[in-house]
Amino acid sequence: MTIAVAASPFPFPFDAGRAALAVIDMQRDFIESGGFGASLGNDVARLQAIVPTVAALIALFRARGLPILHTRESHLPDLSDCPPAKRNRGAASPRIGDSGAMGRLLVRGEPGNAIIDACAPLAGEMVVDKPGKGMFFATDCDAMLRARGITQIVFAGVTTEVCVQTSMREANDRGYECLLITDATESYFEEFKAATIAMITAQGAIVGWATGFHELEASIA
Ligand code: C5J
């Protein structure tokens, strides 16, 4: 059974039997000072502001018994999954793999690479380490979701125009119906978030739909 969730550019046909929540990269490396995002000169306070809404969205899916997939952008300690084309971007120092205030930046298992406590996965929830910006590149995401009969993905997390948008576009190309929760995602750049929402919903939802947390909650709670 589908429920019409008020969304842009038109109602999203939410089907609880086929839907999963994807929480993208709610990691200390992006949200806390001393992490990878801050090392690039970004203001992490913008991302911290959405934490209560992301936590409420996770709680909503848990209360409904719906599947949740958490991603972490991370690299192996030997950086064999981090091509120079990625590592050599941004400021000359520090770079991915260099030591920071929370351990080595964007390296799997380091304190800064963990998901923040407020959004931490529970046992049984899917957790995917991804070396790229998109959640499908070099991961088992597609197989994990298809094994559960998932064909709709509700997106939250950071950052809107990088890992969230890339994951949403990858999902759209694989045939998933995608809904972005606009107050449960954030960018270091206000204008990039607005542009992303406009781009994905344009041309009749060419990448997917967008709505607010309360619109989804009111429809499916
Ligand atoms: C970035 C991400 N911004 N999770 N990663 O490098 O969006």
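With only alpha-carbon pairs counted, each pair once and no self-pairs, how large is the Kirkwood hydrodynamic radius of the chain in angstroms?
Taking the inverse mean of 1/r over all distinct Cα pairs, the chain comes out at 17.4 Å.
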Residues with amide H under 5 Å of Gly90's amide H, sequence separation 5 or more or different chain, H placed in the peptide plane at 1.01 Å from N; which? none
May I ask which residue of Gly34, Val44, Phe61 lies farthest towards the positive end of the charge dipole of segment 11-72, with charges of +1 (Lys, Arg) and -1 (Asp, Glu) on Cβ and the Cα centre as origin? Phe61
Could you size up the charge dipole of the chain around its Cα centre, putting +1 on the beta carbon of Lys and Arg and -1 on that of Asp and Glu, and report it in debye to the nearest 20? 320
For Lys86, go through the lysines and keep the ones whose alpha-carbon is under 17 Å away, minus same-chain ones fewer than eight residues off. Lys130, Lys133
For the chain, dividing by residue count, accessible area per residue (probe 1.4 Å) in Å² works out to 41
Using a cut-off of 15 Å between beta-carbons, work out the net charge of the residues near Gly112 (Lys and Arg +1, Asp and Glu -1, Gly112 not included). -3
Rounded to whole Hz and in sequence order, give me ³J(HN,Hα) for segment 97-106 from the Karplus expression 6.51 cos²θ - 1.76 cosθ + 1.60, θ = phi - 60°, writing x for Gly and Pro. x, 6, 7, x, 5, 10, x, 6, 5, 6
Mind listing the long-range amide H neighbours of Cys178? Cut-off is under 5 Å, sequence gap 5 or more, other chains count too, H placed in the peptide plane at 1.01 Å from N. Ile153, Trp209
Within the chain, which whole H helices from DSSP have a Cα span along their axis of at least 20 Å and a mean Kyte-Doolittle hydropathy of -1.0 or more, if any? 190-205
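When you count, for each residue, the other Cβ atoms within 10 Å and take the mean per peptide, how do 177-185, 31-39, 90-98 rank with the highest first?
Values: 177-185: 23.7, 31-39: 22.0, 90-98: 13.4.
Result, highest mean Cβ count within 10 Å first: 177-185, 31-39, 90-98.
Probe radius 1.4 Å, ligands and nucleic acids ignored: give me the carbon and sulfur share of the accessible area of the chain as a rounded percent.
Values: 5030 of 9060 Å².
Carbon and sulfur together cover 55 percent of it.
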Diffusion coefficient in µm²/s returned for segment 125-221 by Stokes-Einstein, Kirkwood Rh over C-alpha pairs, 4 °C and 1.567 mPa s, is 94
Mind grabbing the base-10 log of I(q)/I(0) for segment 16-70 at q = 0.26, 0.32 Å⁻¹? Debye formula, identical points on the C-alpha positions, no solvent, two decimal places. -0.96, -1.21
Would you please give the residues with an amide H less than 5 Å from that of Ala114, counting only those at least 5 places away or on a separate chain, with H modeled from the backbone geometry? Arg28, Asp29
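The values are calculated or read from the model by the stated rules, or taken from the named source; none is laboratory data. This one's a predicted model, so the numbers in the text were calculated from it and none came from an experiment. Positions of Cβ are backbone-derived with ideal geometry, glycine not excepted, and every protein chain shown enters the neighbour counts. For accessibility, only protein heavy atoms count, side chains too; no ligands or nucleic acids. Shrake-Rupley method; radii C 1.70, N 1.55, O 1.52, S 1.80 Å.
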